[in-house]
Amino acid sequence: MAELADTPLLEMSRVSKTFGPVQALNGLEFSVNAGEFVTVVGPSGCGKSTLFNIVAGLEEPDDGGILRFKGQSCHAAELLGRVSFMPQRDLLLPWRNVVDNAILANEIEGANRKEARAKALAMLPEFGLAGFEKQYPHQLSGGMRQRVALMRTFMFERELMLLDEPFGALDALTRTMMQRWLLDVWQRHRRTILFITHDVDEALFLGDRVLVMSARPGRVKMNCPVPLPRPRHADLVTAPEFIALKRQVLDAIEEEAMKSFTLSTGAH
Amino acid sequence: MSRSTWRGIIGTLLVLAAWEGAARGFQLPAYTLPAVSDILAAAWRTRAALIPAGWLTMLEALSGYAVGSLLGIGFAVLMAVVTPLRGPLLPVLMAINSVPVAAYSPLVLLWFGIGVASKVVMVALAVGFTVFLSALAGFDRVDRRSVDLMRSFGAGRAAILWRLRLPAALPLIATGMRVSTVRSLIVAIVTEMLGAYGGLGWIIYQAVVQIDFVQVWSAILVASCISLAFFGLVGAIERRVIFWR
């Protein structure tokens, strides 16, 4: 029984992915435990998005890689519909209002539309969208659109949530507000989250663990636990423990960024 | 009414005034340019002939428009869903479309007769291609990432088509349908001129044979009124349906 409880929710080992002449991932190894908030950082072009597409089920890794979900070895395609995925852009459908955008995934599952709408309506205040149910995406601000997209991801109740730089397009102030708010929501719903970002502060502030990826071909260069207490507050980012962790992570990223820079410019 | 509507009305009135002034001032003969007032008077005088002719042409154009739009959208959906059909079918359709539709009219008149059917077929042909091409472009324009998102929710092809690709293609389908309104009337009238039992095209043809150019102009006047009304109606529906643009 103890063994079963210890089984990670998601496990990847020796996962590689090649696109023609380009090797995006090479021998990627990591695991995510149930209830954990894991963040992934790395230099641009390190294959973070490829990693996400595999976990979302959109792309198959090269032969030889091992992918396990709840202890079961599986193909990436079997993860379609089992992971709630939020891409970088909100990708709201402009012809659907806030509520109907939020229940899109439930509708595809075949849920009763009326019930799904009622559930979404009840969730609106938590996502700071109370009173906006009838608005259309073009009437909302960037931060609100992102919250609708997050709500859609939360409404699609799956054990694993994949968030791909969800706050990347927001201004700095809105972003910190959204981070605190996300932690709040996560603490209440206790989902497992895999979260991509290129912002080290964000990765440390949110995560239980930060995975630093290497330059292309991507693999996990460093697995950095973040033993900072929760609930986390805004002033955490200036605490000495936080700064010490940040230094470690930044050093690792810096090394990789230099590598990919040297590779791309051909300098020595 | 909005400012641009007022500007349009004032502009049209100015052009008509200049026309009237030129026709009267230079005393142009009717076969060059009759005065606007003469055309209006002739239209009123011959209303007993123009109104049923206008109805007939409008019905032909509308039925052809409906058939053509449905076929155009239907074919585009088919090719968006069954992509292997594209390779063999698209070149054939493009070849048919590369010739002006009017070139097919003698054949269509031969096959479908001088009556209403041939006009409907010609209009459907003209409208169908325009709507088909814009609808196909609309289906292709859908964001790859949105498709991926739907797939990650476990959506199959039918769900992606119904919930994403069809609504995403609507703006371009609507543009094609709006442009086709004017085309449908033009094609109906041209086909009538080549052979018909009635309609505005037939009136124009008869008037030319009788060297009655004021009558030609009064039929043109009725045709452009119908055309403008149709265009305006479809444009208004488009703005209501595609509110998010």
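Please go through the residue pairs A:Lys17/A:Lys70; A:Lys114/A:Lys134; A:Lys17/A:Lys259; A:Lys17/A:Lys246; A:Lys48/A:Lys70 and name each one whose alpha carbons sit more than 25 Å apart in this structure.
Where the Cα-Cα span goes over 25 Å, the pairs concerned are A:Lys17/A:Lys246.
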inquiry  = For a quick check, take a GNM of chain A with Cα springs below 10 Å and name the residue from A:Thr197, A:Thr238, A:Thr50 with the largest mean-square fluctuation.
reply    = A:Thr238
query = Using the alpha-carbon atoms, what tilt in degrees (0 to 90, nearest 10) does helix A:172-189 show relative to the longest principal axis of chain A?
reply = 80
remark   = Expected sort for B:119-128, B:85-94, B:135-144 on mean C-beta neighbours within 10 Å, highest first, is B:119-128, B:135-144, B:85-94
note = Dividing the alpha-carbon radius of gyration of the range B:1-57 by 2.2 N^0.38 Å, where N counts its residues, gives 1.44
message = Just want to confirm a number: the relative contact order over the range B:33-241, from Cα pairs under 8 angstrom separated by 6+ residues, in percent.
response = 31
note = Under the helix-only model (-39500 (n - 2.57) for each DSSP H run of 4 or more, divided by the residues of chain A), the mean residue ellipticity at 222 nm, to 500 deg cm²/dmol, is -11500 deg cm²/dmol
query = In the protein assembly as shown, if every C-alpha pair distance is counted and binned at 10 Å from zero, what percent goes to each bin?
reply = 3, 15, 19, 18, 13, 11, 10, 7, 4, 1, 0
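Taking neighbour counts of Cβ atoms within 10 Å as a proxy for exposure, in what order, fewest first, do A:Val38, B:Val82 appear?
With the fewest neighbours first, A:Val38, B:Val82 line up as B:Val82, A:Val38.
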remark   = With the charge dipole of the range A:50-121 built from beta-carbon charges (+1 for Lys and Arg, -1 for Asp and Glu) about the Cα centre, the Cα from A:Phe52, A:Asn97, A:Ser73 projecting farthest to the positive end belongs to A:Asn97
query = Within chain A, what percent of beta bridges assigned by DSSP are antiparallel, to the nearest 5?
reply = 50
request  = Amide H neighbours of A:Ala24 under 5 Å, at least 5 residues apart or on other chains, H built in the peptide plane: list them.
outcome  = A:Lys17, A:Thr18, A:Phe19
note = When B:Asp148, A:Asp6, A:Asp62 are ranked with the fewest other C-beta atoms within 10 Å first, the list becomes A:Asp6, A:Asp62, B:Asp148
query = Taking neighbour Cβ counts within 10 Å as the exposure measure, how do A:Asp164, A:Asp208 sort from fewest upward?
reply = A:Asp208, A:Asp164
request  = Could you check which residue among B:Ala188, B:Ala22, B:Ala53 shows the biggest mean-square fluctuation in a GNM of chain B with a 10 Å Cα cutoff?
outcome  = B:Ala22
remark   = With x for Gly and Pro, the residue-by-residue ³J(HN,Hα) of the range A:68-82, computed from phi through the Karplus equation 6.51 cos²θ - 1.76 cosθ + 1.60 at θ = phi - 60° and given in whole Hz, is 10, 10, 6, x, 9, 5, 8, 7, 4, 4, 5, 7, 4, x, 10
0 to 90° range, to nearest 10: angle between helix A:113-123 axis and chain A longest Cα axis = 70
task = Determine the principal axes of the Cα atoms in chain B, then give the extent along each, sorted from largest to smallest and rounded to whole angstroms.
result = 73, 49, 27
key: Over chain B: helical MRE at 222 nm, DSSP H runs n ≥ 4 each giving -39500 (n - 2.57), nearest 500   = -26500 deg cm²/dmol
request  = For A:Met213, list long-range residues whose amide hydrogen, built 1.01 Å from N in the peptide plane, is under 5 Å from its own amide hydrogen.
outcome  = A:Val41, A:Gly42, A:Lys221
query = Given the options A:Asp235, A:Asp100, A:Asp90, which has the most mean-square fluctuation in a GNM of chain A, springs set between C-alpha atoms less than 10 angstrom apart?
reply = A:Asp235
query = Can you run phi through the Karplus equation (6.51, -1.76, 1.60; θ = phi - 60°) for the range B:116-125 and list ³J(HN,Hα) in whole Hz, with x for Gly and Pro?
reply = 5, 4, 5, 5, 4, 4, 4, 5, 4, 4
inquiry  = Explain nothing, just compute: Karplus ³J(HN,Hα) = 6.51 cos²θ - 1.76 cosθ + 1.60, θ = phi - 60°, for every residue of the range B:182-191 in order, whole Hz, x for Gly and Pro.
reply    = 5, 4, 4, 5, 4, 5, 4, 5, 4, 5
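No lab work stands behind these numbers, since they all come straight from the coordinates. Given the structure is predicted, the values throughout are model-derived calculations rather than measurements. No Cβ is skipped: glycine too gets one built from the backbone with ideal geometry, and neighbour counts run over all protein chains shown.
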